[in-house]
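Worksheet: one structure, shown below.
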Amino acid sequence: MSIPTEPIGSLPRPSALQTALTHHAEGRVSDAELARVQDEAVADTLAHLEKLGSPVLVDGDQRKPSSLTYPLTGLAGLGPDGVVIPYADGHVRQLPVLTGGPFRYQVRADTYLRAARTRTTLPVKQAVVAPSALSLLYPADGISAYPRKTFLSDLANEAEAEIRACLKAGAHRVQLDFTEGRLSLKFDPSGALLDDFIALNNTVLGRFTKDEQARIGVHTDPGADLDSTHSLDVDYAELLPKLFQLTVGNFYLQLAGEPERHRVLKTVADQLRPGVRVFVGVVDPIDPNVETPEEVRDRVLEAALHIPVDQLGTCDDAGFAPFADDTSTSRELAFAKIEARLRGTELAAQALGL
């Protein structure tokens, strides 16, 4: 395919996995049995994407409890009353809060990647949580004997180690999930929090070579959970100029669900620098209607009016189920939308004479 196209990450879990997760939480399913069901879900996800003709695969986050909290699994020194993320439909997600240090990842995403790569010979990308998201774990009133500066240093080291491990494990791309970027402007309209996020992420990204940065990307969206968003009402134009300061080679942008796509694309064009690729979202995970290949084609052609074709790619707007308990989108619907993205991107490439 002459226009690169990639999934973002998470996919709805099969019903057998949803049941196993519930029973595991109740103590009725062992760790080993849950791992077996998760492995089956990964195998099915990879096989389904391969059958659709996806040139790049993901494991669908079938082993992650959420795209935000997977490194914390089993971590001591956490309290329940962390940052609250409110969604437009009224539901909330709440992060834990750190109560002690030192901070260390308990699970790294390369473990998911290595397992997935045993199941396929096709390229596999790996999504990881951005360090900026995990910086929200630190309490506003501080931690005795564990200053915020020390925490951020530990966090940067852990994030770097995870990205390096994924690159070493053969990731086609390592994608930082930066959904908190737009949300930060809701928490702090002055932009100071966003500046802190960009600086922290660049502290980590700056430790990689240009060649390594070319294999790293960042994904941003206004949230996609239980068919709702947390920051779609924040003007994209406030985020994009700072987003493009991140030293990565690839940007994955939610766009299909954006009400003013043309204006967003003009802003992207103003910020675009040589040597980077912009993957534009062409299907919307929280829209229950399946886009037609022709609709996708037209969205790609619209983007090509602003972004040079050799710097253009396509993606889904967001993951389809970033939290394991999200059953608002069926697995069948998610795969149908992915197929529309693949077919529509092909049609756009043909229309562009590629």
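Just one of the listed residues (R104, R114) is among the basic types (K, R) and either more than 17 Å from A35 (Cβ to Cβ) or in contact with an Asp or Glu (Cβ under 7 Å, 6 or more places away or on another chain) (or both), namely R104. On the phi < 0 side of the Ramachandran plot, surrounded by fewer than 24 Cβ atoms within 10 Å (Cβ to Cβ) and in contact with a Ser or Thr (Cβ under 8 Å, 6 or more places away or on another chain), is that true of N157? When the stated conditions are applied, N157 does not pass them. Is there a residue in segment 1-23 that is in contact with a Gly (Cβ under 6 Å, 6 or more places away or on another chain), touching a residue at least 40 places away in the same chain (Cβ under 8 Å) and either surrounded by fewer than 18 Cβ atoms within 10 Å (Cβ to Cβ) or aromatic (F, W, Y) (or both)? Checking segment 1-23: at least one residue is in contact with a Gly (Cβ under 6 Å, 6 or more places away or on another chain), touching a residue at least 40 places away in the same chain (Cβ under 8 Å) and either surrounded by fewer than 18 Cβ atoms within 10 Å (Cβ to Cβ) or aromatic (F, W, Y) (or both).
Of the listed requirements (1) out of contact with any Gly (no Cβ under 7 Å at 6 or more places or on another chain); (2) part of a loop (DSSP other than H, G, I, E, B); (3) among the hydrophobic types (A, V, I, L, M, F, W, C), V280 misses just one: (2). For segment 294-330, a residue qualifies if it is more than 16 Å from D61 (Cβ to Cβ), in contact with a helix residue (DSSP H, G or I) (Cβ under 6 Å, 6 or more places away or on another chain) and part of a loop (DSSP other than H, G, I, E, B), and exactly one does: H306.
Residue by residue, here is whether (1) of a type in the set (S, T, N, Q); (2) in contact (Cβ under 8 Å) with a residue 60 or more places away in the chain; (3) at negative phi holds:
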{"residue": "L136", "(1), (2), (3)": "no, no, yes"}
{"residue": "T150", "(1), (2), (3)": "yes, no, yes"}
{"residue": "E180", "(1), (2), (3)": "no, no, yes"}
{"residue": "L183", "(1), (2), (3)": "no, yes, yes"}
{"residue": "F187", "(1), (2), (3)": "no, no, yes"}
{"residue": "E212", "(1), (2), (3)": "no, no, yes"}
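Going by the structure shown, is G27 out of contact with any helix residue (DSSP H, G or I) (no Cβ under 9 Å at 6 or more places or on another chain) and free of Cβ contacts under 8 Å to residues at least 60 places away in the same chain? Here the answer is yes, as G27 does meet what is asked.
Quick one: in segment 238-265, of everything that is touching a Ser or Thr at 6+ places or on another chain (Cβ under 9 Å) and farther than 18 Å from R341 by Cβ, which residue is surrounded by the fewest Cβ atoms within 10 Å (Cβ to Cβ)? Only one residue fits best here, namely P241. The set of residues in segment 117-166 that are aliphatic (A, V, I, L, M), at pLDDT 95 or above and farther than 23 Å from N250 by Cα comprises L136, L137, I143, L152. Restricted to segment 195-237, and to residues there that are crowded, with 19+ Cβ neighbours inside 10 Å and among the acidic types (D, E), the residue that is modelled with the lowest pLDDT is D225.
Checking each residue in segment 174-191 for being surrounded by fewer than 24 Cβ atoms within 10 Å (Cβ to Cβ) and not acidic (D, E) picks out L185, K186, F187, P189, S190, G191.
Would you check which residues across segment 215-264 are basic (K, R) and not in a loop (DSSP other than H, G, I, E, B) and list them? K242, R261, R263 - these are the residues of segment 215-264 that are basic (K, R) and not in a loop (DSSP other than H, G, I, E, B). Does A109 meet the test of being within 15 Å of E158 (Cα to Cα) and touching a strand residue (DSSP E or B) at 6+ places or on another chain (Cβ under 9 Å)? Criteria met by A109. Residue pairs whose Cβ atoms lie under 7 Å apart, separated by 6 or more positions or on different chains, with the first residue in segment 322-334 and closer than 26 Å to L176 by Cβ and the second among the acidic types (D, E) and modelled with pLDDT under 95, are P322/D225; F323/D225; D326/D225; S328/D227. Taking segment 72-95 as the range and being exposed (fewer than 13 other Cβ atoms within 10 Å of the Cβ) and either among the basic types (K, R) or outside any loop (DSSP other than H, G, I, E, B) (or both) as the test, the residues that pass are G79, V84, V92, Q94. The number of residues in segment 7-48 that are within 22 Å of the chain's Cα centre (by Cα) and either hydroxyl-bearing (S, T, Y) or outside any helix (DSSP H, G or I) (or both) comes to 9.
The values are calculated or read from the model by the stated rules, or taken from the named source; none is laboratory data. Computed from a prediction, not measured in an experiment: that's the story for all the values here. As a convention, Cβ positions derive from the backbone with ideal geometry for all residues, glycine included, and neighbour counts pool all protein chains shown.
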